[in-house]
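Just so it is clear, none of the values below were taken in a lab; they were calculated from the coordinates. Computed from a predicted structure; not experimentally measured. Here Cβ is always computed from backbone atoms with ideal geometry, including for glycine, and neighbour counts include all displayed protein chains.
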Amino acid sequence: MEPAEKYVVRPVRSEEWEAVREIRLAALRDPAAPIAFLETYETALARPEEFWRDRAGRFELDGSGNQFVAEGADGRWWGSVTVRVEEAGASLAFGDTSDVRQAHLVGVYVRPEHRGSGVTEALFLAAVEWARSLEGLERVRLYVHQDNARAQAFYRRFGFGRSGASVAVPGDPSKVEYEMVLGHR
């Protein structure tokens, strides 16, 4: 494992669409993907270049979020997290409506060889710092699958707690995703 000081955490740039695609496909090949992501590897693999170009550049265009990566000295991305801004009154991904302006962390992934090295914490620090810099933002949240114990443990250590809200997992209503909110006990 590389020492922690050999990477930098930074926002994704619009021209980096190929790297955005590569890390997303790596995440979707991970054994935890079925409980960590709502998309499959096959679906993502079939997406056209234009989709990936749009995905890499959308936040620069509209300011609706930010994607952060941990980039090694060799230029390879070790991990990623995306922050989406959800405006008060807006319709949200799971069909509810936001009561407040909030940040939603999604797409958390760190390559297996870099887990436990501080990369996830560094990504979360950058994402949360960016979110908290936004005017009028009231909370930072995320969702985690009921069976993703490793992720739940990390989120609790970082300061997230269950809000009491949950949603059925799309495609498997027998399972739920728990909402966790930063600073919620």
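See the values below:
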| quantity | calculated |
| --- | --- |
| Charge dipole (debye, nearest 20) of region 1-135; +1 at Cβ of Lys and Arg, -1 at Cβ of Asp and Glu | 200 debye |
| Cα-centre dipole for region 8-79 with unit charges at Cβ (Lys and Arg positive, Asp and Glu negative), debye to 20 | 140 debye |
| Neighbour net charge for residue 107 - beta-carbon separation under 11 angstrom, K R +1, D E -1 | +2 |
| Most to least packed among 25-35, 74-84 [average Cβ atoms within 10 Å] | 74-84, 25-35 |
| Relative contact order of region 1-152, pairs being alpha-carbon contacts under 8 Å that are 6 or more residues apart, as % | 25 percent |
| Alpha-carbon centroids, region 12-58 and region 90-106: separation in whole Å | 22 Å |
| Segments 88-99, 119-130 sorted - mean Cβ within 10 Å per residue, highest first | 119-130, 88-99 |
